[in-house]
Amino acid sequence: MAEAMEKYYYGTGRRKTASAQVRLYLARDGEAGIVVNGKPMEEYFSRRGDVEYVLEPLEATGTLGQFRVTVKVRGGGDSGQAGAIRHGIARALLEADPALRPQLRQGGFLTRDPRAKERKKPGLKRARKAPQYTKR
């Protein structure tokens with residue numbers, strides 16, 4: 001359990017109903033990679049787009065091979081979890097190096113995406129879909 005004593009940078013990310021706890025450890029000897037809920041990220045996410053989306057903050061700041069990332073994520077679906085992890089990674093990078101703020105801010109990685117599912121309204125089939133109107 002060497003990981004317990006090792007220094008790490010922490011960030012919490014959220015998107016829709018998903019919440020991710022991200023830890024960045026300095027990588028040793030080609031050990032860099034991302035582990036999500038105990039699985040390699042490529043194995044956890046079935047869509048290639050989700051994997052690329054998660055890596056964006058690391059690519060934008062040029063820190064892709066420098067960190068070993070462990071993530072605990074819960075709630076939401078695949079894209080919501082990918083968004084939460086991306087947000088958490090950006091926040092952890094900011095904690096690791098505050099000089100990265102302009103790059104992260106410019107890429108929009110630090111802004112929490114507020115969009116969420118709208119609630120269903122009474123008398124409607126869904127949030128905005130009304131029953132079909134019949135004249136006679």
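Values quoted throughout were computed directly from the atomic coordinates according to the rules given, and no laboratory measurement underlies them. Note that the coordinates shown come from a computational prediction; the quantities given were computed from them, not determined experimentally. No Cβ is skipped: glycine too gets one built from the backbone with ideal geometry, and neighbour counts run over all protein chains shown.
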What pairs come up if the first residue lies in segment 99-115 and is in contact (Cβ under 8 Å) with a residue 40 or more places away in the chain and more than 11 Å from T61 (Cα to Cα), the second is in a helix (DSSP H, G or I) and of a type in the set (F, W, Y), and their beta carbons are under 7 Å apart, counting only those six or more places apart or on different chains?
-> none
What number of residues in segment 73-94 are exposed (fewer than 15 other Cβ atoms within 10 Å of the Cβ) and outside any loop (DSSP other than H, G, I, E, B)?
-> 2
Can you confirm whether segment 28-39 contains a residue that is in contact (Cβ under 8 Å) with a residue 24 or more places away in the chain, in a helix (DSSP H, G or I) and either farther than 17 Å from L93 by Cα or of a type in the set (S, T, Y) (or both)?
-> no
Scan segment 104-130 for residues that are closer than 26 Å to S19 by Cα and either aromatic (F, W, Y) or in a loop (DSSP other than H, G, I, E, B) (or both) and report the count.
-> 15
